[in-house]
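J.: This is the structure I have questions about; it appears just below.
The values are calculated or read from the model by the stated rules, or taken from the named source; none is laboratory data. Remember, it's a predicted structure, so these values are computed and weren't measured experimentally. Don't worry about glycine lacking a Cβ; one is built from the backbone with ideal geometry, like all the others, and counts go over all protein chains shown. Ligands, DNA and RNA are excluded from the accessible area calculation, which covers all protein heavy atoms including side chains. Shrake-Rupley method; radii C 1.70, N 1.55, O 1.52, S 1.80 Å.
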Amino acid sequence: MAYYFEEPSHTFGEYLFVPGYTSADCRPENTSLVTPLVKFKKGEESPIKMNIPLVSAVMQAVSDDKMAIALAKEGGISFIYGSQTIENQAAMIERVKSYKAGFVSSDSNLRPDQTLRDAIALKEKTGHSTIAVTEDGTPNGKLLGILTSRDYRLNYSPMDGKVSDFMTPFKDLITGKEGISLSEANDLIWKHKLNTLPVIDSQGRMVSMVFRKDYASHEAHPLELLDSRHRYVVGAGINTRDYMDRVPALLKAGVDVMCLDSSEGFTEWQSRALKDIHSTFGENVRVGAGNVVDRDGFMFLAEAGADFVKVGIGGGQSVLPGNRKESAGGRQLPLLRLQRPGTSILRKPGFIFLFALTAGLSMITISPWLLPWAPIL
């Protein structure tokens, strides 16, 4: 049943933000844009924070793996769109998590008994000239050596020669120990004039690689958002239909946070999905929900277990059933409900919500943005 509000309806153009007092302490160097993304208890910190309060929309035209990498470099989070197959979305997540962000999981690996022909084929496939030679040919096998394009010469070295005959053996390598910081790794690279530093564990197994050029990229992006394993943080959109199949695939791929993506989130389906996901995969799996536009919708999703709530339904040609419309310059504008004083939807301690703003920055073609606001305690 449609409900008609008695108070006058208004459009965005009727409002003006009134600035408050600016003190002498309000300077850029005193400002932190670090923003919590998911709910947390009073006195604790949010498990996931952003270095800048920017999140890209869960849209096919906006949020793919390239956007996720670009936004994570700047300190924000992208939610990769879910309107694709589970396999494709998981592959995008994997590409983001394996992207070079300082410490890199090696994607070019061979066994010592493989041939130079195998090495050249692998280089053509991945585009990477540095190959880790491990006992079993896996990214985390026992490191036996490193093969680079400087170790052989095309049209001269025998293609059937064993990788072990060309590689730099382990005894001649400079390596870092697991737990080394990116700064310490870079010091070793410069001290020994290396291009690559393998990082190994106490058993000599490969953990990651650090490349000289990647550290330069890290210095150029001081706010880049990384997880505990120095990989970019990335989110994913999910739906209320195949989530029991999609969520485990995304978790396996390394996703950090997910969001139920719908134009209308005040539904029993989102409530069921939140409860199913948390009861099956654990409370530490972070899942947001939305969109909602009023206090009732917000509280409904918060009580259902949402880790954050996406608030706001953007203006456009289509509106929800029951919303009134008025014509303005030949366009149909959805009308807004104004909350009376004291009825803020933010009256839930320690809870984060995202406000959907249907505007974009044309320079970097991200539209719309989702702007997270701090919780009101």
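J.: Which entries of 142/191; 177/252; 49/123; 73/162; 97/177 show an alpha-carbon separation above 32 angstrom in the structure shown? Spell out each step's value before the answer.
T.: Details: 142/191 25 Å; 177/252 26 Å; 49/123 37 Å; 73/162 39 Å; 97/177 21 Å.
Beyond 32 Å between Cα atoms: 49/123; 73/162.
J.: Taking the Cα centre of segment 1-149 as origin, sum charge times position over the Cβ atoms of Lys and Arg (+1) and Asp and Glu (-1), and report the length of that vector in debye to the nearest 20.
T.: Values: 15 positive and 18 negative charges, 99 e Å.
Dipole of segment 1-149, to the nearest 20 debye: 480 debye.
J.: Additional query: Run through segment 25-125 and list the GluC sites (Glu not before Pro) located in a DSSP loop whose Cβ has at most 14 other Cβ atoms within 10 Å.
T.: On the way: sites: 29, 44, 45, 74, 87, 94, 124; in loops: 44, 45.
Answer in residue order: 44, 45.
J.: Computed over the Cα atoms of segment 1-150, what is the convex hull's projected area averaged over all directions, in nm²?
T.: On the way: hull surface 74.7 nm².
Across all orientations, segment 1-150 yields a mean hull projection of 18.7 nm².
J.: Hey, got the Cα dimensions of segment 166-269 along the principal axes, in Å, largest first?
T.: Dimensions of segment 166-269 along the principal axes of its Cα atoms: 61, 31, 24 Å.
J.: Just the number, please: Stokes-Einstein D of segment 28-72 in µm²/s, Kirkwood Rh from C-alpha pairs, 10 °C, 1.306 mPa s.
T.: Working: Rh = 12.5 Å.
Diffusion coefficient, whole number: 127 µm²/s.
J.: Roughly speaking, to the nearest percent, how much of segment 50-96's 1.4 Å accessible area is carbon and sulfur?
T.: Values: 910 of 1680 Å².
Whole-percent figure for carbon plus sulfur exposure: 54.
J.: Would you list, by chain and number, the aspartates and glutamates whose Cα falls below 16 Å from the Cα of residue 42, excluding same-chain residues fewer than 8 positions away?
T.: 307
J.: List the trypsin sites (Lys or Arg not before Pro) within segment 1-78 that fall in a DSSP loop (any state other than H, G, I, E or B) and whose Cβ has at most 13 other Cβ atoms within 10 Å.
T.: Filter output for segment 1-78: 41, 42.
J.: If one computes the Cα centroid of segment 79-132 and of segment 226-303, what distance in Å separates the two points?
T.: The distance from the Cα centre of segment 79-132 to that of segment 226-303 comes to 27 Å.
J.: For residue 258, which sequence-distant residues (separation of 5 or more, or a different chain) have an amide H within less than 5 Å of its own amide H, given hydrogens modelled in the peptide plane?
T.: HN-HN under 5 Å from residue 258: 236, 286, 287, 288.
J.: Straight-line reach from residue 193: which lysines have a Cα under 16 Å away, not including same-chain ones fewer than 8 places off?
T.: Reachable lysines: 213.
J.: If amide H atoms are built 1.01 Å from N in the plane of the peptide, which residues on other chains or at least 5 residues away come under 5 Å of the amide H of residue 63?
T.: 81
J.: Once you charge only the Cβ atoms, +1 for Lys and Arg and -1 for Asp and Glu, what is the size of the charge dipole of segment 62-204 about its Cα centre, to the nearest 20 debye?
T.: Values: 17 positive and 19 negative charges, 79 e Å.
The dipole magnitude comes to about 380 debye.
J.: At 10 °C and 1.306 mPa s, what whole-number value in µm²/s does Stokes-Einstein give for the translational diffusion of segment 122-191, with Rh from the Kirkwood sum over Cα pairs?
T.: 115 µm²/s
J.: May I ask you to evaluate 6.51 cos²θ - 1.76 cosθ + 1.60, the Karplus curve with θ = phi - 60°, for each residue of segment 61-76 and list the ³J(HN,Hα) values in order in whole Hz, giving x for glycine and proline?
T.: 7, 10, 9, 10, 5, 5, 5, 4, 5, 4, 6, 5, 4, 8, x, x
J.: Using +1 at the C-beta of Lys and Arg and -1 at the C-beta of Asp and Glu, which of 30, 60, 18 has the Cα lying farthest in the positive direction of the dipole of segment 13-161?
T.: Selected residue: 30.
J.: Quick one: what are the phi-derived ³J(HN,Hα) couplings along segment 191-202, Karplus 6.51/-1.76/1.60 with θ = phi - 60°, whole Hz, x for glycine and proline?
T.: Each residue's phi maps through the Karplus curve to give 5, 9, 6, 9, 9, 9, 10, x, 10, 10, 8, 5 Hz.
J.: Going highest first, how would you order 130-142, 286-298 by mean Cβ packing within 10 Å? List each step's numbers first, then the result.
T.: On the way: 130-142: 18.3, 286-298: 22.5.
Going by the mean number of other Cβ atoms within 10 Å, highest first, we get 286-298, 130-142.
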